[in-house]
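Peer 1: Please find one structure pasted underneath; my questions will follow.
Here, each number is a calculation from the coordinates, and none is a lab measurement. What you see is a predicted model; the values in this text were computed from it and never measured. Here Cβ is always computed from backbone atoms with ideal geometry, including for glycine, and neighbour counts include all displayed protein chains.
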Amino acid sequence: MSDASAPLRVLIVDDEEPARRLLAELLEGEEDVVVAGECRNGFEAVQAIQTQAPDLVLLDVQMPKLDGFEVLALLDRPPMVIFVTAYDEYAVRAFEVHAVDYLLKPVSGERLRAALARARERLAAHEAPPEAAALARAARPAGGFLERVLVRDGDKVHVVPVARVDYFEAQGDVVLLRTGAEKLRKTTTLNDLERELDPGRFLRVHRSYILNLDRLAGLELYAKDSRVAILKDGTRLPVSRPGYGRLRELL
């Protein structure tokens, strides 16, 4: 991130070309602003933010495949953000992730200048970015359970519906998602995932495993007070005593 005296490097992210053009034209009138680039969707935005490290992102909320909140949730070091959207229903979630401002379309030059001034103040104050947990919460629809898991793998972003996941496995500081023959690794904790998943569909059967109950074919006694879950594809997962208790209550 640049210092407060340098030009503010701004990335524009919006799936609608007229909206990007309007923002670019408004920014041209600002002497201390440089447009670092434009992105047409969330996938482009994730890559551009990671590689270009802009000071500020003008970020649309509603975009196909990845929305604005999901873009932020995929970043290791999220930049300052001004959300730009045609809807006011996302305002609370925007400020939960410490957005600089929340602008409704069509954006006026005066309103944008005020938001840029606020961004400058934050830059000068060296404010810390929001925590990853706050970003993950904002990426989930209010009042709902997690419906898809976002995984960044280098320059690639995987969007995995939770219904496709057979189980989640804790592996050190990452969680492995097994979906059929594919295995993906996401930097998170099993505890955080457990809080976001529907407990009627996903159950913590062991300290290291969360099972998709739709994949459960049966249980076997492995040893005294020790059981294994048998998945429909034959995979065997350990079941702890507390996990077995939770299974009995649910099933």
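Peer 1: Along the charge dipole of the stretch 145-250, pointing to its positive end and built from +1/-1 on Cβ of Lys, Arg, Asp and Glu, which listed residue (LEU216, THR189, TYR244) has its Cα farthest out?
Peer 2: Going by the charge dipole, the pick is TYR244.
Peer 1: If I take every Cα pair under 8 Å that is 6 or more residues apart in the stretch 1-111, average their sequence separation and divide by the length, what percent do I get for the relative contact order?
Peer 2: Here the relative contact order equals 23 percent.
Peer 1: A further question on this structure: Students often get this wrong, so try it: which of (1) 18.4; (2) 19.4; (3) 20.0 is Kirkwood radius over Cα pairs in Å as calculated from the structure shown?
Peer 2: It is the value labelled (3).
Peer 1: Further, regarding this structure: Subtracting the Cα-Cα distance from 0.36 nm times the residue separation, let me have the gained length for LEU251 to GLN52 in nm, one decimal.
Peer 2: Full extension from LEU251 to GLN52 adds 66.6 nm.
Peer 1: I would also like to ask the following. Report the full-extension gain for the segment GLU17 to GLU30: residue separation times 0.36 nm, less the Cα-Cα distance, to one decimal in nm.
Peer 2: Going from the current span to full extension adds 2.6 nm.
Peer 1: So, with +1 on the Cβ of K and R and -1 on the Cβ of D and E, and no other charges, what is the size of the charge dipole of the stretch 28-69 about its Cα centre, to the nearest 20 debye?
Peer 2: 380 debye
Peer 1: Can you give the FRET efficiency for ARG111 and SER226, using 1/(1 + (r/R0)^6), R0 = 45 Å, r = Cβ-Cβ distance, to the nearest 0.05?
Peer 2: It comes to 0.10.
Peer 1: Normalised by the residues of the chain, what does the relative contact order come to in percent, with Cα pairs under 8 Å and at least six apart?
Peer 2: Result for the chain is 11 percent.
Peer 1: GLU127 to ASN191: FRET efficiency via 1/(1 + (r/R0)^6), r the Cβ-Cβ distance, R0 22 Å, to the nearest 0.05?
Peer 2: 0.20
Peer 1: Follow-up question, since we're still on this one. Using the Kirkwood formula over every pair of different C-alpha atoms, what hydrodynamic radius in Å results for the stretch 8-137?
Peer 2: 14.4 Å
Peer 1: I've got another one for you. Please report the antiparallel percentage of the DSSP beta bridges confined to the chain, to the nearest 5.
Peer 2: Counting only bridges with both partners in the chain, antiparallel ones make up about 65 percent.
Peer 1: Check cross-link reach from LYS65 to the lysines: straight Cα distance under 22 Å, and skip same-chain residues fewer than eight apart.
Peer 2: LYS105, LYS156, LYS183, LYS186
Peer 1: Out of the GluC sites (Glu not before Pro) in the stretch 1-80, which ones are loop residues according to DSSP with at most 12 other C-beta atoms within 10 Å?
Peer 2: Passing sites in the stretch 1-80 are GLU31.
Peer 1: Explain nothing, just the number: dipole magnitude of the chain about its Cα centre with +1 on each Lys and Arg Cβ and -1 on each Asp and Glu Cβ, in debye rounded to the nearest 20.
Peer 2: Using Cβ point charges on Lys, Arg, Asp and Glu, the chain gives about 1540 debye.
Peer 1: Net charge near GLY29, counting Lys/Arg +1 and Asp/Glu -1 over other residues with Cβ under 15 Å of its Cβ?
Peer 2: Summing Lys/Arg as +1 and Asp/Glu as -1 gives -3.
Peer 1: Using label points projected 7 Å from each Cα along Cα→Cβ, tell me how many nm separate ARG77 and VAL92, to one decimal.
Peer 2: Taking the two extended label points, one gets 3.3 nm.
Peer 1: A further question follows. Given a cut-off of under 8 Å on Cα pairs at least six residues apart, what relative contact order in percent is computed for the stretch 124-251?
Peer 2: The normalised contact order for the stretch 124-251 reaches 15 percent.
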